[in-house]
Amino acid sequence: MYKDVIDFIKKLYGGKDPVILHEPVFLGNEKQYINDCIDTTFVSYVGKYVTKFEEMTAKYTESKYAIAIVNGTAALQIALQVSGVKPNDEVITQPLTFVATVNAISHCGAKPVFVDVDTATMGMSPEKLKDWLSKNVKYDRTTRKTFNLSTGNSISAIVPVHTFGFPCYIDEIVEIGNHYNIPVIEDSAESLGSFFKNKHTGTFGLAGIISYNGNKSITTGGGGMIITDNEKFAEKVKHITTTAKVPHRWEYIHDEIGYNYRMTNITAAIGVAQMEYFDKIISNKRNTAELYSDFFKETNIEFVCEPINSRSNYWLNCIRFADRNQRDEFLEETNSNGVMTRPIWRLMNKLEMYKNCQRGTLDNAQWLEERCVNIPSGFRNTYNS
Ligand SMILES: Cc1ncc(COP(=O)(O)O)c(C=O)c1O
């Protein structure tokens, strides 16, 4: 039934069999830079590649500060902690995301609250956020904090996700956050190279985080980054992720409970090499999306295009079916015939550990869960940009 789609995808990826969802590529100076780390013995978190990778990321995203972290989950946990999230606080996020978003909230000892997503962006819906806040919280002028009316807990952060690299309506979300004095930490784990209104995702709120996991647009094997324009925030992140060590040439004094969460020089060396040809990767991925878009126009399957005012990295391309049955038939046929496809994540509010979390109506997330499928989206060697 879906033979045309399978043939098209295989052809797109030069006849590969199987075609996997998102394979990493190493086309530049990766090996040379790793060897340099070993030859110079700078293998741990002190080293020129960590600094270089941070500088390159800050420049690319036009952030004032970028701090390299061991992975995206840890980056989000630290960004939340530094923004002021404390145990038993509540953090608003979306049910449609990778589990790491919600785990990072839990790692802070905080409780996730789910508000619905927008069907066009698949990221947090500003309307649903506003609606939930208007019915469930009160703003206290004395403490300048927002409290949940039913639990009495402080709502201390909002974490929208730029799902699959598609920018969400982040400017409106930040405006709502400002109204309630709730900081926004952007989960831009998937959206390096994605812009909203010509501004890089992750740079609208107090901070953003990026992931360099093996399946992302560029990878360091595993790794993360926190980006921010706030100097104090950046200093604090750097301090507590390097065991909160007070700088001194020989004394070992630590002034709070810190973390060993910094990225190593070897890891950053891969990141620097990948960043050197990141533009080529993005144009390759955007070309793939264009070809998919043209192809699916001739079918009864909807290809998800970047939302208005945004430029997506098209990290994972996404298609939508009329209903769950069609989606399941497609998943079965493609995965049995050498084309790796996968449904969207099981919604977070359905997972055992998060099923009792407070939530608004989640109709859009449910609608998307039943219909969306991710299709192969990695770098294509067959395209020369
Ligand atoms: C939306 C989202 N948030 C957070 C993460 C966590 O990143 P990492 O795997 O680097 O810990 C990922 C990816 O893996 C992600 O897709």
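Determine the relative contact order of the chain: mean sequence separation of Cα pairs under 8 Å and six or more apart, normalised by residue count, in whole percent.
Values: 854 pairs, mean separation 95.7, N = 385.
After rounding, I find 25 percent.
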*asked:* As I understand it, the dipole of the range 30-276 uses +1 on the Cβ of Lys and Arg and -1 on the Cβ of Asp and Glu, about the Cα centre. Which of GLY84, THR97, GLN274 lies farthest toward its positive end?
replied: GLY84
*About the Cα centre of the range 30-276, how large is the charge dipole given +1 on each Lys and Arg Cβ and -1 on each Asp and Glu Cβ? Please answer in debye to the nearest 20.*
420 debye
*Taking Cα atoms of the range 217-367, Rg/Rh with Kirkwood Rh, to two decimals?*
1.08
*Rank by packing, highest mean first: peptides 307-319, 275-287, 370-382, with packing defined as the count of other Cβ atoms within 10 Å averaged across residues.*
307-319, 370-382, 275-287
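At 222 nm, what value in deg cm²/dmol follows for the chain if DSSP H runs of at least 4 each add -39500 (n - 2.57) and the sum is divided by all its residues, to the nearest 500? Spell out each step's value before the answer.
Numbers: 12 runs with 142 residues, N = 385.
After summing the helix terms and dividing by the residues of the chain, the value is -11500 deg cm²/dmol.
Using packing as a proxy for protection, rank 205-217, 320-332 so that the peptide with the highest average count of other Cβ atoms within 10 Å comes first. It would help to have the intermediate numbers written out before the result.
On the way: 205-217: 25.1, 320-332: 15.3.
Peptide ranking by packing, descending: 205-217, 320-332.
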*asked:* Checking the a/c ratio against 1.5 first, then a/b against b/c, what shape does the Cα gyration tensor give for the range 62-167?
replied: oblate
_Can you tell me, using C-alpha contacts under 8 Å and at least 6 residues apart, the relative contact order of the range 259-385 as a whole percent?_
30 percent
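Would you mind counting up the charge near VAL117? Only other residues with Cβ under 15 Å from its Cβ, with Lys and Arg at +1 and Asp and Glu at -1. Write down the numbers at each step before the final one.
On the way: positive: LYS128, LYS130, ARG320, ARG346, LYS350, ARG359, ARG371; negative: ASP116, ASP118, GLU127, ASP131, GLU172, GLU186, ASP187, GLU190, ASP363, GLU369, GLU370.
Local charge sum for VAL117: -4.
Quick one: net charge of PHE164's neighbours, Cβ under 15 Å, K/R +1, D/E -1? All intermediate terms of the calculation are to be shown ahead of the outcome.
On the way: positive: LYS216, LYS285, ARG286, ARG311, ARG320, ARG342, ARG371; negative: ASP118, GLU186, ASP187, GLU190, GLU302, GLU306, GLU369.
Taking every Cβ under 15 Å from that of PHE164, the sum is 0.
Can you tell me the relative contact order of the range 104-159? Whole percent, Cα pairs under 8 Å, sequence separation 6 or more.
On the way: 45 pairs, mean separation 9.2, N = 56.
After rounding, I find 16 percent.
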*Karplus 3J(HN,Hα) series, Hz, for the range 65-73 with 6.51 cos²θ - 1.76 cosθ + 1.60 (x for Gly, Pro)*: 10, 9, 10, 7, 10, 5, 6, x, 5
*By count of other Cβ within 10 Å, fewest leading, how are TRP132, TRP367, TRP250 ordered?*
TRP250, TRP367, TRP132
*What would the Debye formula give as log10 I(q)/I(0) at q = 0.11, 0.14, 0.15 Å⁻¹ for the alpha-carbon point model of the range 30-276, no solvent?*
-0.56, -0.88, -0.99
*Of all DSSP beta bridges located in the range 30-276, what percent are antiparallel, nearest 5?*
60 percent
*Relative exposure of GLU369, GLU62, GLU333, judged by other C-beta atoms within 10 Å (fewest first)*: GLU62, GLU333, GLU369
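Report for the range 120-213 the percent antiparallel among DSSP-assigned beta bridges with both residues inside it, nearest 5.
Details: 7 of 12 bridges.
Close to 60 percent.
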*Projected onto the charge dipole of the chain (+1 at Lys/Arg Cβ, -1 at Asp/Glu Cβ, origin at the Cα centre), which of ASN349, HIS22, ALA244 gives the Cα projection farthest towards the positive end?*
ALA244
*Which entries in the list LYS245/LYS280; LYS11/LYS199; LYS10/LYS48; LYS199/LYS236 go over 31 Å, if you measure between the two C-alpha atoms of each?*
LYS245/LYS280; LYS11/LYS199; LYS10/LYS48
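Every number in this text was worked out from the coordinates using simple rules, so none of it is lab data. What you see is a predicted model, and the numbers here were worked out from it, not measured in a lab. Every residue, glycine among them, receives a Cβ derived from its backbone with ideal geometry; neighbour counts consider all protein chains shown.
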